[in-house]
Amino acid sequence: MKMRFLKTEAIVLKNNLISETDKIATLFTKKYGKLPAVAKGARRSRSRFVNAIRPFIVANYVLFEGQNYYYIDQWELIEGHTNIEKDLAKFYVASYVGETINKILEENQKSERLYLFLKHSLKAVNDLQIDPLIFISSYNLKLISLLGYMPQLDSCVICGKVDSMEYFSNSCGGAVCKDCKDKCFDAKPLHQVILKALKYFLKVNYERLQDVKVSGVIKEEVDKIITAYMKEHLETEFKSKDFIDKLQNM
Ligand SMILES: [Zn+2]
């Protein structure tokens, strides 16, 4: 059997125990997409792989292909993201980010754009001080846009008019004006403050979100709209609400 080596940058989405001494990681690799990789001896403190698959690190890996798995042969850290490890709120937010990407990606599915987006988002979680719920809302909107389902928020989805956008429809794909609301069966009233927040969270860079403060009621309403919208278009449910509850109970 010819041994195949893969050399790639990757982000650790999560890891699990696989035996008394080994751990298995779900890696999102830049070149080969999502794949499982075993770190031999990772549970031993003296192993050179002990830190190789810490969740949310970015590293260069050399992997070799075994019969059932890939095995880590060498690794070199790029981003340790130690703030995520130290701060429980950051860790929950990063876990949400990791889980969404893991759910979206099929095994071996490649997407360099999604990879770079994940890398950028995790760096923001690590480096910036952003309200967790605001970060998750902004991340979700950016993610769904990257996947091709950007909600239309600047003008009515049906007629293109820019005023009286007082409704939101998942099936129509964004804001709907009051004259068109009957054309979208699931159109629900949309408060102007919520529309403004959705637009801002979608477009603004993570850096700018550090100074943003909005009330809990608005944050929750925004999250509810985005969660329902993602469920409709991605056909899978992301439990941002669970993460938010965890954070609020901290
Ligand atoms: Zn309209």
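Taken together, the values in this text are just the output of simple stated rules run on the coordinates, not laboratory data. This is a predicted model, so every value here is computed, not measured. Counting neighbours? That spans all protein chains shown, and the Cβs are built from the backbone with ideal geometry, glycine included.
Give me the percent of DSSP beta bridges within the chain that run antiparallel, rounded to the nearest 5. All intermediate terms of the calculation are to be shown ahead of the outcome.
On the way: 34 of 38 bridges.
In the chain, approximately 90 percent of DSSP beta bridges are antiparallel ones.
Go through 88-95, 113-120 and give me the packing order, highest mean Cβ count within 10 Å leading. Each step should come with its number before you reach the end.
On the way: 88-95: 19.4, 113-120: 16.9.
So the order, starting with the most tightly packed, is 88-95, 113-120.
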For the pair Lys161 and Asp179, the simple spin-label estimate (label points 7 Å beyond Cα toward Cβ) gives in nm 0.4
Note, the range 61-71: 3J(HN,Hα) by Karplus (6.51, -1.76, 1.60, θ = phi - 60°), whole Hz, Gly/Pro = x, goes 10, 10, 10, 10, 8, x, 5, 10, 9, 8, 10
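Rounded if a/c is under 1.5, else prolate if a/b is larger than b/c, else oblate: which is the range 33-122, with a ≥ b ≥ c the root eigenvalues of its Cα gyration tensor?
Cα axes put the range 33-122 in the oblate bin.
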Long-range amide H partners of Gly33, meaning residues 5 or more apart or on another chain whose placed amide H is closer than 5 Å, are Ser111
Going through Lys40/Lys86; Lys181/Lys213; Lys34/Lys86; Lys103/Lys231 one by one, the pairs whose alpha carbons sit over 20 Å apart turn out to be Lys40/Lys86; Lys181/Lys213; Lys34/Lys86
For Glu76 and Lys14, extending 7 Å from Cα along the Cα-Cβ vector and measuring point to point gives, in nm, a value of 3.1
Longest principal axis of the chain (C-alpha) makes with the long axis of helix 88-104 (C-alpha) an angle, in degrees to the nearest 10, of 90
Treating only Lys and Arg (+1) and Asp and Glu (-1) as charged, each at its beta carbon, one finds that the chain has a dipole about its Cα centre, in Debye to the nearest 20, of 680
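To the nearest 500 deg cm²/dmol, what mean residue ellipticity at 222 nm is calculated for the chain from DSSP H runs of n ≥ 4 alone, each contributing -39,500 (n - 2.57), summed and divided by the residues?
Here the helix-only value at 222 nm equals -12000 deg cm²/dmol.
Between Gln67 and Val204, what is the FRET efficiency for a Förster distance of 41 Å, r being their Cβ-Cβ separation, to the nearest 0.05?
Details: r = 48 Å, r/R0 = 1.16.
It comes out at approximately 0.30.
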Rh_Kirkwood(the range 128-248) over Cα pairs, Å, one decimal, evaluates to 14.6
log10 I(q)/I(0) for the chain, Debye formula on C-alpha points only (no solvent), q = 0.07, 0.11, 0.12 Å⁻¹, two decimals, reads -0.28, -0.64, -0.74
Output ordering of 133-143, 47-57 (per-residue mean of other Cβ within 10 Å, highest first) is 133-143, 47-57
Taking alpha-carbon centroids only, the range 81-128 lies from the range 138-183 a number of Å equal to 27
Around Lys103 (Cβ within 15 Å, Cβ-to-Cβ, excluding Lys103; K/R +1, D/E -1) the net charge comes to -2
Here the residues of the range 188-213 lying in the modelled label zone of Glu232, meaning backbone nitrogen under 13 Å from a point 7 Å along Cα-to-Cβ, are 188-190
Between Asn83 and Ser171, the two model label points (7 Å from Cα along the beta-carbon direction) sit apart by a distance in nm of 4.3
Expressed in µm² per second, the diffusion coefficient of the range 5-81 from the Stokes-Einstein equation, with Rh the Kirkwood radius over alpha carbon pairs, at 37 °C and 0.692 mPa s, is 276
